[in-house]
Amino acid sequence: MHRLLCAVTLASTAFAADWKKDVIFRATFDGSLDARVAGGDPKLYHAPSYKEQASAQPGLDGTDVRHAKGEGRSGDALRFTRKNTKAVFYKAQGNVPFDAKNWSGTISFWLQLDPEQDLEPGFCDPIEVTDKAFNDAAIWVDFTKDDKPRPFRLGVFGALKAWNPSNIAPDKNPDFTNRLVVVTRTPFARGRWTHVAITHSKLGSGAGEARLYLDGKLQGAAPKIAEPFEWDLANGAIRLGANYVGLMDDVTIFRRALNARETAALTAARRW
């Protein structure tokens, strides 16, 4: 028994070390808006919109987002107090392991909200990682705008001109809707933190993959993602809380796709 416990402890320690080794970006919001781990610029920025991203300034002044002291899972968090229409983001360059030919990684974060009571009308994207738009070389999750209850969806799309050359509107384009991972029964609730993890691999290679996990449980995988990914890294951003209302904590990006066991263990970890 003693040897078994020692083996489990050693395995857990090694696994924790792997997490630390593969983190490229982590914003816990504990004591500061600056990212705790950053391969690039650690500062959180805001701008009137993403079209005006070049005029962004550090901090949250003038937004409806506040640094929520003591409201996080184990420290501080971000609270989006009303429908957020401003650009709130970290710069992607150096903080996202983008590779136009073979982009792999994991995006992990925590949300606390009741989608039916807290969100205002319209689509809500808690996170988007892109340099342009949700349908053009982007990874995102959203809550839909009209359905009750509001489904939670994962979208991963490469170059718009490759997968949708006619630029057909999403609601009229089966090539858009058929590629989403859609979760109709979700665990989101007030007073309860829900862990969201997006794992992706080989994007841009012609055989890209992506999976969505909630609380460490696989919700679905996207169909093969064949189109190329093209970015202007200077415009790339980790976009937070588009139209979102609620709490957000511990935004972390790994340089590789975590497997199912690792994602479940990440969900279970209180501090690491």
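The values are calculated or read from the model by the stated rules, or taken from the named source; none is laboratory data. All values reported here derive from a predicted model rather than from experimental measurement. We place every Cβ from the backbone using ideal geometry, glycine too, and count neighbours over all the protein chains shown. In case anyone asks, the SASA skips ligands and DNA or RNA and just uses the protein heavy atoms, side chains included. Shrake-Rupley method; radii C 1.70, N 1.55, O 1.52, S 1.80 Å.
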Looking only at residues in the range 50-73 that are of a type in the set (Ser, Thr, Tyr) and open to solvent by 30 Å² or more (accessible area, probe 1.4 Å), which one is nearest to the chain's Cα centre (by Cα)?
TYR50
Answer yes or no: is there a residue in the range 259-267 that is assigned to a helix (DSSP H, G or I) and in contact with a Phe, Trp or Tyr (Cβ under 6 Å, 6 or more places away or on another chain).
yes
Cβ-Cβ below 8 Å, separation at least six or inter-chain, first residue in the range 153-178 and over 18 Å from TRP103 (Cβ atoms), second open to solvent by 70 Å² or more (accessible area, probe 1.4 Å) and in a loop (DSSP other than H, G, I, E, B): which pairs?
ASP175/ILE168; PHE176/ILE168
With the checklist (1) under 21 Å from LEU111 (Cβ atoms); (2) open to solvent by 70 Å² or more (accessible area, probe 1.4 Å); (3) of a type outside the set (Phe, Trp, Tyr) in hand, flag the one item GLU230 doesn't pass.
(1)
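More than 25 Å from ASN135 (Cβ to Cβ), open to solvent by 20 Å² or more (accessible area, probe 1.4 Å) and at pLDDT below 95: is that true of ARG270 in this structure? Explain how you work it out, then say what you get.
Numbers: more than 25 Å from ASN135 (Cβ to Cβ): yes; open to solvent by 20 Å² or more (accessible area, probe 1.4 Å): yes; at pLDDT below 95: yes.
When the stated conditions are applied, ARG270 passes them.
Please indicate, with yes or no, whether at least one residue in the range 165-174 is on the phi > 0 side of the Ramachandran plot and not basic (Lys, Arg). Let's see the steps before the verdict.
Just the residues of the range 165-174 that are on the phi > 0 side of the Ramachandran plot, to begin with: 167.
The next check asks that each one be not basic (Lys, Arg); those that pass are 167.
Looking for residues that are on the phi > 0 side of the Ramachandran plot and not basic (Lys, Arg), one finds at least one in the range 165-174, hence yes.
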Are there any pairs with C-beta distances below 7 angstrom linking a residue in the range 23-43 that is under 17 Å from ASN235 (Cα atoms) and open to solvent by 40 Å² or more (accessible area, probe 1.4 Å) to a residue that is assigned to a loop (DSSP other than H, G, I, E, B) and among the acidic types (Asp, Glu), with the two at least 6 apart or on different chains, and if so which?
PRO42/ASP34; LYS43/ASP34
Residue hits (the range 150-185; open to solvent by less than 80 Å² (accessible area, probe 1.4 Å) and assigned to a loop (DSSP other than H, G, I, E, B)) are ARG150, PRO151, GLY158, ALA159, ASN164, ILE168, ALA169, ASN173, ARG179, LEU180
Test: THR130 is among the hydroxyl-bearing types (Ser, Thr, Tyr) and either open to solvent by 40 Å² or more (accessible area, probe 1.4 Å) or touching a Pro at 6+ places or on another chain (Cβ under 7 Å) (or both):
no
